[in-house]
1. Select from the range 30-46 the residues that are among the β-branched types (Val, Ile, Thr), under 16 Å from Thr149 (Cβ atoms) and open to solvent by less than 60 Å² (accessible area, probe 1.4 Å) and list them in ascending order.
2. Is it fair to say Leu217 is without any contact (Cβ under 8 Å) to a residue 60 or more places away in the chain and outside any helix (DSSP H, G or I)?
3. Out of all the residues in the range 62-90, which are within 19 Å of the chain's Cα centre (by Cα), among the acidic types (Asp, Glu) and either over 28 Å from Ser232 (Cα atoms) or open to solvent by 40 Å² or more (accessible area, probe 1.4 Å) (or both)?
4. Of all residues in the range 179-194, which are open to solvent by less than 50 Å² (accessible area, probe 1.4 Å) and of a type in the set (D, E, K, R)?
5. Considering only the range 200-207, I want to know if a residue exists there that is among the aromatic types (Phe, Trp, Tyr) and touching a residue at least 60 places away in the same chain (Cβ under 8 Å).
6. Give the number of residues within the range 125-156 that are crowded, with 18+ Cβ neighbours inside 10 Å and without any contact (Cβ under 8 Å) to a residue 60 or more places away in the chain.
7. Take the residues in the range 157-178 that are in contact with a Gly (Cβ under 9 Å, 6 or more places away or on another chain) and in a strand (DSSP E or B); name whichever of them is surrounded by the most Cβ atoms within 10 Å (Cβ to Cβ).
8. Would you check if there is a residue in the range 91-107 being under 18 Å from the mean Cα position of the chain (by Cα) and either among the acidic types (Asp, Glu) or farther than 20 Å from Ile214 by Cα (or both)?
Amino acid sequence: MHTPIHLLIAHFFFAGTVFCGNILIWPTEGSHWLNTKVIIEELIKRNHNVTVLISTGAAYINTKDKSHTENYETYKVPYGKDKMLSIINDFVTLWMYEKPSMTFLQFYERFSKLVNEVNLMIKENCNSVLRDPVLMAKLKSKQYNIMITDPVTMCGDLIAVTLEIPFIYSLRFTPASAAERHCGKLPSVPSYNPAFLSELTDKMSFSERISNIISYLVQDYIFYSLWGYWDSYYSDILGKAS
């Protein structure tokens, strides 16, 4: 029988010095890293041993930051820091500056292209870890107790399953709560639950509710079309249908 997730979290965060866990982190770049850093800081305060898996193309994760005592396990990827910064800048520019002058379809067409670019980079990350037998053997030898992974960057769960350790998701949000709704079964009623990043509130006019429904539908399409190909990748790694 599986241990309830809230008990796993309580066990690792409140055990203090009685039990020090050996924890592996699969992070996501940008603002998601800020969220993960808080978790790492709290774990270290409670004397847990924390190791962060980081690519050579990481933009915001600084392995030379001496303010904390986490360990870093670096893996090589074919892209550099500039590529990651460029992608993040494109997302920020799209949301903050280009969106107001775009039609609904123009915005989501551009957004879909950026998500596809990110997926290709994430796949490089996955391959660099999962298809490196030396690195995987090294991680296996460390005998981690648990992995904390951000599902926005795929494969954290896949690495955990391959290493035969449990994992916990840490997620800020996804546009229109797509991942939360489809993977976490989060209930969302379009008539009064505004889609994340829709710029709507829970007080919507009829036309705004229609716009909100469209936001959900478009994000569902993006979720299934751009993230859907990960099914075959997971099946390939696991050697069975996922």
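1. Thr36, Ile39, Ile40, listed by residue number.
2. Answer is no for this residue.
3. Passing the criteria: only Asp90.
4. Within the range 179-194, Glu180, Arg181 meet the criteria.
5. No.
6. Count: 1.
7. The extreme case among them is Phe167.
8. yes
The values are calculated or read from the model by the stated rules, or taken from the named source; none is laboratory data. The model shown is predicted, which means the values in this text are computed figures rather than measured ones. Here Cβ is always computed from backbone atoms with ideal geometry, including for glycine, and neighbour counts include all displayed protein chains. For the accessible areas, the whole protein counts, side chains as well, though only heavy atoms, and no ligand, DNA or RNA atoms are used. Shrake-Rupley method; radii C 1.70, N 1.55, O 1.52, S 1.80 Å.
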